Amino acid sequence: MKKIFWVIIIICLFVSCNSKSDSKATENKDGSDQTYSYPYKATYSSDVTVPGNPKYAEEVLTVWKNFESVHIDSIDIAKKDIESLDSLRFDISMWQSVHVNDKNEDWVFIWSAERRYSKNKTADTSLIHEQWKIKNNKIIYFNQYKALPAK
């Protein structure tokens, strides 16, 4: 009877160690596996590597600093915008560089509060989220989402 018991135990261990799971699991920082089942499918992609290239974030943040410091002579729309202001300040909350694996794209995301002070001394604060696409070490796309902060 003891032989049968040990044979069953060994077979169970062998089968459990060699079974393959069809579910997708990710390893957490604590070493445990966790399977996720998202209620939505991303229309663009959810296959990203974070962080992406930090050099791209540096490049985009330099553009921001040049805009804030009025070093934008070659960008006519930005130049007209900044000339209407007395001052401009960004309080950047966070930035993140990512690489979209399935599209082989690099992006930089920025979250910030923008504080504009017009020449007549009225202040305007907006919350901003920007997306910058980088290809061949050049910025090729940009968009901005803007919201007024809650009062």
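The values are calculated or read from the model by the stated rules, or taken from the named source; none is laboratory data. Please read all numbers here as calculations on a predicted model, not as lab measurements. Here the Cβ positions follow ideal geometry from the backbone for every residue, glycine too, while neighbour counts run over all protein chains shown. The protein model used for the area step is the full one, side chains on, heavy atoms only, and it has no ligands, DNA or RNA in it. Shrake-Rupley method; radii C 1.70, N 1.55, O 1.52, S 1.80 Å.
So the values come out like this:
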item: Residue under evaluation Q131, criteria (1) among the polar types (S, T, N, Q); (2) open to solvent by 100 Å² or more (accessible area, probe 1.4 Å); (3) in contact with a strand residue (DSSP E or B) (Cβ under 8 Å, 6 or more places away or on another chain), criterion not met; result: (2)
item: Within the range 95-151, tally of residues that are among the hydrophobic types (A, V, I, L, M, F, W, C), closer than 12 Å to A57 by Cα and out of contact with any Phe, Trp or Tyr (no Cβ under 6 Å at 6 or more places or on another chain); result: 3
item: Residue ID - most open to solvent (accessible area, probe 1.4 Å), chosen from residues in the range 107-123 that are assigned to a strand (DSSP E or B) and over 18 Å from W64 (Cα atoms); result: A123
item: Residue count for the range 55-108, restricted to those that are more than 30 Å from A42 (Cα to Cα) and touching a residue at least 24 places away in the same chain (Cβ under 8 Å); result: 7
item: Selection status of Y44, of a type outside the set (D, E, K, R), part of a strand (DSSP E or B) and either at pLDDT 90 or above or surrounded by 15 or more Cβ atoms within 10 Å (Cβ to Cβ) (or both); result: no
item: Residue ID - surrounded by the most Cβ atoms within 10 Å (Cβ to Cβ), chosen from residues in the range 59-106 that are modelled with pLDDT under 95 and assigned to a loop (DSSP other than H, G, I, E, B); result: I72
